[in-house]
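Student: Submitted below is the structure of interest, expressed as structure tokens.
The values are calculated or read from the model by the stated rules, or taken from the named source; none is laboratory data. The structure presented is a predicted model; accordingly, all values stated were derived computationally and were not measured. For accessibility, only protein heavy atoms count, side chains too; no ligands or nucleic acids. Shrake-Rupley method; radii C 1.70, N 1.55, O 1.52, S 1.80 Å.
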Amino acid sequence: MSTIALGYSTQADIPAELRIPPRPRGLRQTLDRPAAREPAWREAMRWSLFGLTASLAAGEVALALFGP
């Protein structure tokens, strides 16, 4: 099947005001850097929130099964 039948168009077929501009060069360098490791307190707060949420969900299930 040809690409013309699929409605594919090249950049030359698209008007200049509708084309997506190329990505700036400076942005690529910032995206290639690995993410900074987050502080230990933030990771501890995340796990604390996971535990609290799991505990709340377990309590709700227990109330639904064995509650009044």
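Student: Tally the residues that are at pLDDT 80 or above and not hydrophobic (A, V, I, L, M, F, W, C), restricting the search to region 20-66.
Tutor: 12
Student: Still on this structure, I have one more. How many of the residues making up region 50-68 are of a type in the set (A, V, I, L, M) and open to solvent by less than 100 Å² (accessible area, probe 1.4 Å)?
Tutor: Within region 50-68, residues that are of a type in the set (A, V, I, L, M) and open to solvent by less than 100 Å² (accessible area, probe 1.4 Å) number 6.
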